[in-house]
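The structure appears below as structure tokens.
Taken together, the values in this text are just the output of simple stated rules run on the coordinates, not laboratory data. All values reported here derive from a predicted model rather than from experimental measurement. Positions of Cβ are generated from backbone atoms using ideal geometry, with glycine treated the same way; all protein chains shown enter the neighbour counts.
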Amino acid sequence: MTTTTGYDVPAIELTVARRQLVLFVVVLGAASYNAATFTATAILPQMQGAMAATQDEISWTVTFNILATAVVTPMTGWLVASFGRRNVMVCSLAGFTIASLFCGLAHGLDDLVLWRMLQGAAGAPLLPLGQTLILDVFPRRQHAWAISVFGMANTAGPIIGPTLAGVLSDYYGWRWGFYMIVPVALLATVGSRLALPSDDDRRPVSLDWTGFLSVSIAIAAMQWVLARGPRLDWFESNEIIVVTLIGLIALYVFVAHSFTARNPFLNLRIVLDRNFALGLLLVGTFGMVNITPMVLLPPLLQTHLGYTDRLIGIIVGWRGVGVLVGCFLVMLMTRFDPRITMVIGFSIQIISGLWLMAITLDADFATFALNTFLQGVAVGLIWTPIATTAFWTLPPASRAEGTSVFHLTRNITSSFFISICVAELLRSTGANYSRLVENVTPYSKALLLAPAMGGWNVDTVSGLASLSKEINRQAALIAYTNVFYIYTLVSLAAIPMALLVRRPQLR
């Protein structure tokens, strides 16, 4: 039964046991989705080698997955209104399961990117719809607790997924990183069909095609520019100029249409709610600093430090452990001002960024494991306060649409920042290599100590090759340091925004 009377009465009234069952099923589905995201980052180096791809090409398996998620996420509200929560959740999980299977069966980079896009598109409704269900079935006084459990339990995917994927990929190949997701996602599909309440009061609505197509084209054009820009020298290419113009026109059409149409695809007027608007800014910043380190660290660890896939998976898994700890701390801090929790979380992100800026190519396993653990703690501390305060003053009728915009913002900023960081990494590595080789001459004093310097010299082919390899390693380290510097600045910029959030008050 659905009701809207009483500010603390849940929108969907269920028994306590049924609420817990819904929470379990929602968490299982979301954990499968999160496992797919972090597993892909853990096995990036092995996929890169198997596909004979460059670093920017293999990053498409992550960025285009996020892009597809960003395009479909805004449709969640329309899908729920037209087909109901349970039907959307079941179909989304079924499509996600099938796409995960075919990711493992892919025979080339094009196939893998395609199925990763379909995986992202099918799984797009899982997080916003899961969050909406939790907010609807639990009374408001339990929202912080339920969201904390949702976030903490979801860390099972980021903990187990990368670790198990690293072990399986070492023994059986990278494909098992996707195969292992299939049985869990299949269980979540069956569980959702049996546990979620049916929607008797849904009202099918027509899809605003103008709004949907314009926002999809704008997002796709942005990602196209970011993916192709580094290879085509940005605006020196007519292709980049044309795609940029198409994206800007589509964005203008979307914004203008959204504020003038009677029933727009996305009602942008919900951003007039102060907490929700600040929540979008914060979750956008959160999106930038959340996934990016997990895309950048695996190639650094394998290519320049010689780590195996199993060790990389364990390091990524430590981030999941950190998220678990962070979410548990949030549950203990529910009586505190959520702004304090967010500030602490972003401060830990800053510390992890400064630490990454100081690493060298001699850093050991414990250094990276502890750093990713700190990143996870920060994520756990940040996510729950943002997810609760952003929706605290938003009417229940706007939650489905609000969560769509909320997660759309997170996905867009994640994809945008990953592309920017990869582009800067490639540019900076090349530029630093060019500058460093200027110091390599027959008169360089460092080269006079060839035996002590690992045999580097300019007199033999092997000596030149060894020297070139070391210069490239150092150039790449400088480039990574630059990217981690940007990561730290973004985390720092979030703190003033967190302090502007209005503390929620029970009414």
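Give the shape of the range 85-155 as rounded, prolate or oblate, defined through the alpha-carbon gyration tensor: a ≥ b ≥ c are the square roots of its eigenvalues, a/c under 1.5 means rounded, and otherwise the shape is prolate if a/b is larger than b/c and oblate if not. It comes out prolate by the Cα gyration axes.
Tyr172 to Leu354: extension gain in nm, 0.36 nm per residue of separation minus the Cα-Cα distance? Mind showing how you got there, number by number?
Values: separation 182, 0.36 × 182 = 65.52 nm, distance 3.66 nm.
Contour length minus the Cα-Cα distance gives 61.9 nm.
According to the Kirkwood relation over distinct C-alpha pairs, the hydrodynamic radius of the range 375-434 is 14.2 Å. Counting only whole DSSP H helices of the chain, the ones at least 20 Å long by C-alpha along their axis and with mean Kyte-Doolittle hydropathy no lower than 0.5 are 16-42, 85-104, 109-123, 156-172, 181-195, 209-232, 238-260, 274-299, 309-332, 338-357, 365-389, 461-499.
What shape does the range 192-315 take by its C-alpha gyration tensor, where a ≥ b ≥ c are the square roots of the eigenvalues and a/c under 1.5 counts as rounded, a/b above b/c as prolate, and the rest as oblate? Show your work: numbers first, answer last.
Working: a/c = 2.27, a/b = 1.30, b/c = 1.75.
Judged from the Cα gyration tensor, the range 192-315 comes out oblate (a/c at least 1.5, b/c at or above a/b).
Put +1 on the Cβ of every Lys and Arg and -1 on every Asp and Glu Cβ in the chain; which of Gly380, Gly49, Ala476 then has its Cα farthest towards the positive end of the dipole? Farthest towards the positive end: Gly380.
List the longest stretch of the chain that has no exposed loop site; here a site is one of the GluC sites (Glu not before Pro) assigned by DSSP to anything other than H, G, I, E or B, with at most 16 other Cβ within 10 Å. Mind dumping the intermediate values first?
Details: sites that count: Glu13, Glu438.
Looking at the chain, 14-437 is the longest stretch - no exposed GluC sites (Glu not before Pro) with at most 16 other Cβ atoms within 10 Å.
Set the Förster distance to 25 Å, then compute FRET efficiency between Ala261 and Thr393 from the Cβ-Cβ distance, nearest 0.05. Given R0 = 25 Å and the Cβ-Cβ separation, E is 0.50.
In percent, what relative contact order does the chain have, based on Cα pairs under 8 Å that are 6 or more apart in sequence? Write out the running numbers ahead of the final one.
On the way: 837 pairs, mean separation 112.1, N = 507.
Answer for the chain is 22 percent.
Rounded to whole Å and ordered largest first, report the semi-axes of the equivalent ellipsoid of the chain derived from its Cα gyration tensor (root of 5λ).
Numbers: eigenvalues 336, 115, 101 Å².
Semi-axes (√(5λ), whole Å): 41, 24, 22.
Sorted from fewest to most neighbouring beta carbons within 10 Å, what does the list Trp392, Trp145 look like?
Working: Trp392 20, Trp145 15.
Fewest to most other Cβ atoms nearby, the residues stand as Trp145, Trp392.
Cβ under 12 Å from Ala277's Cβ, Ala277 left aside: what net charge do those residues give with Lys, Arg +1 and Asp, Glu -1?
Working: positive: Arg269, Arg274, Arg502; negative: Asp273.
Summing Lys/Arg as +1 and Asp/Glu as -1 gives +2.
Label zone (Val16, point 7 Å along Cα-to-C-beta; backbone nitrogen cut-off 16 Å) within the range 118-139: 138-139. With the Cα gyration tensor of the range 70-113 giving a ≥ b ≥ c as the square roots of its eigenvalues, does the rule (a/c under 1.5 for rounded; else a/b larger than b/c for prolate; else oblate) give rounded, prolate or oblate? Cα axes put the range 70-113 in the oblate bin.
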